[in-house]
Amino acid sequence: MKSYAKVNIFLKITGRQNNYHKLISRFMLIKNYFDEIEFIPSREDSFNIEGDFSCKTEHNLIYKAYIELLKYTNNLDIKEFFKYNKVSVIKLIAEGSGLGGGSSNASTFLKMINDNLNLGLSIEELVKVGSKVGADVPFFLYDIESANVSGIGEIVEEFNEEALDVNIITPKIYCNTKDVYQTFRKNFYKETSDMYDIAKFKNLKSSEVFEKFNIDEANDLYIPALALYPELKDYAKKDFLFSGSGSSFFKLI
């Protein structure tokens, strides 16, 4: 099953909630860039993910989705299924690239196991599980092309537009999301808290964001990411925007 990437057309911080940052962001699905996930019959001693990942299994968002699903359903059939099947991922979306690959993988996994085992979970229930795994997971669960995402990622409102064709450049720079947010909070903190400004962003077509804003105006995380990874500047070409906490840049085709 395809596990699609996303870009953040804009990303503005609107406040803080405990250790999390509240935001308003336009997420757009990229359907020509994806990982592929399947369940492969295999006798396993424990939950097994096969793929080109840099993290240990217990830190993988697919594994975290598995654990949260077990907690939510208390369904032992899920654990039994993975004694005889492993998760195989053909990984094309780079890690630490701001394209949501891990979150997309987790959401795809949740939908696959819900269908394969006929769990009968509603989209709202899957979102409840997914929101415990990662802030970007709910967007991918809704299967929509464009959405305004707010809160800490749990509020997903479909935006009525077709996904844009974009050219994505992903340098071989791993941007640590936690470090970028911490740098933002410590050295660059600002809020888009005025309701007029928030509404202005929410109502803009994605194509208009490219026309009206430059790279650091569109994404509050670009400057802190640049402070941590100065080599990003080599890729910040004219007409490109920056996705999430990086490291990917994209522009309209």
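Only the coordinates and a few stated rules stand behind these numbers; no lab work does. Since this is a predicted model, take the numbers as computed values, not measurements. Please note: Cβ atoms are built from the backbone with ideal geometry, for glycine as well, and neighbour counts cover all protein chains shown.
Quote the relative contact order of the chain in percent (integer), defining contacts as alpha-carbon pairs under 8 Å separated by 6+ residues. Mind dumping the intermediate values first?
Working: 487 pairs, mean separation 62.8, N = 253.
25 percent.
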Q. Mind checking which of Asn48, Asn114, Asn75 has the largest fluctuation in a GNM of the chain, springs on alpha carbons under 10 Å?
A. Asn75
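Just tell me the longest site-free run in the chain, where the sites are trypsin sites (Lys or Arg not before Pro) in a DSSP loop having at most 11 other beta-carbon atoms within 10 Å. Please list the in-between numbers first.
On the way: sites that count: Arg43, Lys56, Lys172, Lys190, Lys237, Lys238.
The answer is 57-171.
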Q. Most exposed first by the Cβ proxy, i.e. fewest other Cβ within 10 Å, how do Phe109, Phe249 rank?
A. Phe249, Phe109
Q. Does the range 164-231 come out rounded, prolate or oblate, given a ≥ b ≥ c as the square roots of the eigenvalues of its C-alpha gyration tensor, rounded meaning a/c under 1.5 and, failing that, prolate meaning a/b above b/c?
A. oblate
Q.
Counting other beta carbons within 10 Å of each residue's own, what order do Ser46, Ser104 fall into, fewest first?
A. Ser46, Ser104
Q | Distance violations [Cα-Cα > 27 Å] among Lys22/Lys212; Lys12/Lys71; Lys2/Lys64; Lys71/Lys202 | A | Lys12/Lys71; Lys71/Lys202
(Q) Between helix 177-187 and the chain, what is the angle of the helix's C-alpha long axis to the longest principal axis, kept within 0 to 90° and rounded to the nearest 10? (A) 30
**Q.** Helix-only [θ]222 nm of the chain, DSSP H runs n ≥ 4, -39500 (n - 2.57) each, per residue, nearest 500
**A.** -9500 deg cm²/dmol
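What FRET efficiency do you get for Lys186 and Phe213 if R0 is 22 Å and r is their Cβ-Cβ distance, rounded to the nearest 0.05?
After rounding, the FRET efficiency stands at 0.35.
Going by how many other Cβ atoms sit within 10 Å of their own, how do His59, His21 line up, fewest first? Please report the intermediate quantities before stating the final value.
Values: His59 11, His21 21.
Going from sparsest to densest Cβ surroundings: His59, His21.
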Q: Taking a cut-off of 13 Å between Cα atoms, list the aspartates and glutamates near Lys190, but don't count ones fewer than 8 places away on the same chain.
A: Asp216, Glu217, Asp220
Q: Please work out the FRET efficiency for the pair Asn167 and Arg16, using the Cβ-Cβ distance as r and a Förster radius of 35 Å; give the result to the nearest 0.05.
A: 0.55
